[in-house]
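Just so it is clear, none of the values below were taken in a lab; they were calculated from the coordinates. Please read these numbers as outputs of a predicted model, since none were measured by experiment. Glycine also receives a Cβ, built like all others from the backbone with ideal geometry; neighbour counts cover every protein chain displayed.
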Amino acid sequence: ETGVTQSPTHLIKTRGQQVTLRCSSQSGHNTVSWYQQALGQGPQFIFQYYREEENGRGNFPPRFSGLQFPNYSSELNVNALELDDSALYLCASSLAAKRNGELFFGEGSRLTVL
Amino acid sequence: GDSVTQMEGPVTLSEEACLTINCTYTATGYPSLFWYVQYPGEGLQLLLKATKADDKGSNKGFEATYRKETTSFHLEKGSVQVSDSAVYFCALSIIQGAQKLVFGQGTRLTINP
């Protein structure tokens, strides 16, 4: 069984740039969620995708956007990067049918904004 | 709004000591409760969960009981090992269209031999 994989693992950008992070969900999982984990903090929910549609969003501005593809993989896009966007971005996959079931997390993409 | 408060760390213990990491929550409705663990250089892994009041989750010698009356889900282990060194996150799960996990700030645990 293939786990959740994310790419890239590390990247550095400058303020104002745009970034795309990628996630391949665990085999058989149809739901993908994205979380932002600032240094020393717990992860914060950005949004969730199910059947290629966003079905829930946390308190993040519209410059955070996403996509889910027919194979359930996903992208997180962040436009007009700010210094405070520096964080570990975590992708998690799950089965929509299992309400309140386990989320399986990838190892994350660490973004540094200079 | 929904929130989770964890005992502040870092926590340093000797091997075979008893561990308790406190976690309390605020939520409307009846959330499911989780403990996730993050080992150095790895992603978050589910340690245990409980879905209703008085349920006890357990795994790898760790236990936590869903206490609705005190809105708590404290993590306990009777005898810790060096390999338990990690960051521990308490979280609640709510369904608002999406399944959303609300995490505490994490507690870094270091076990010395």
At R0 = 35 Å the Cβ-Cβ FRET efficiency linking A:LEU11 and A:ALA96, nearest 0.05, sits at 0.70
Kindly list the residues of region A:70-114 that lie in the label zone of A:ARG51, defined by a backbone N under 17 Å from the point 7 Å along the Cα-to-C-beta vector.
A:70-73, A:94-99
Spin-label zone in region A:6-43 - amide nitrogen under 11 Å from a point set 7 Å from the Cα of A:ALA80 along the C-beta vector
A:16
Footprinting proxy, B:THR28, B:THR12: sorted fewest to most Cβ within 10 Å, the residues are B:THR28, B:THR12
Dipole magnitude of region B:1-111 about its Cα centre (Cβ charges: Lys, Arg +1; Asp, Glu -1), debye to nearest 20:
300 debye
So, counting K/R as plus one and D/E as minus one, what does the shell of residues with Cβ under 14 Å around B:THR20 add up to?
-2
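What's the local net charge at A:GLY58, with K and R +1, D and E -1, over the other residues with C-beta under 12 Å away?
Numbers: positive: A:ARG57, B:LYS100; negative: A:GLU54, B:ASP2.
Here the count lands on 0.
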In Å³ and rounded to a whole number, note down the convex hull volume per residue for the Cα atoms of the protein assembly as shown.
122 Å³
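Give me the tail of P(r) for chain B as a percent: Cα-Cα pairs with distance above 25 Å.
17 percent
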Determine the sum of side-chain charges near A:LEU11: Lys and Arg each +1, Asp and Glu each -1, restricted to other residues whose C-beta is under 12 angstrom from that of A:LEU11.
+2
Would you mind computing, in nm to one decimal, how far apart the modelled labels at B:ARG108 and A:ASN30 are, each placed 7 Å from Cα along Cα→Cβ?
4.2 nm
Using only the Cα atoms of chain A, build the gyration tensor, take square roots of its eigenvalues as a ≥ b ≥ c, and label the shape rounded, prolate or oblate: rounded if a/c is under 1.5, else prolate if a/b is larger than b/c, else oblate.
prolate
Could you list, by residue number, the cysteines of chain B that have no other cysteine's beta carbon within less than 4.7 Å of their beta carbon?
B:CYS18
What aspartates and glutamates could a cross-link reach from B:LYS56, if we take a straight Cα to Cα line under 17 Å and drop same-chain neighbours fewer than 8 places away?
A:GLU102, B:GLU69, B:GLU76
Could you put A:ASP85, B:ASP2 in order, starting from the residue whose Cβ has the fewest other Cβ atoms within 10 Å?
B:ASP2, A:ASP85
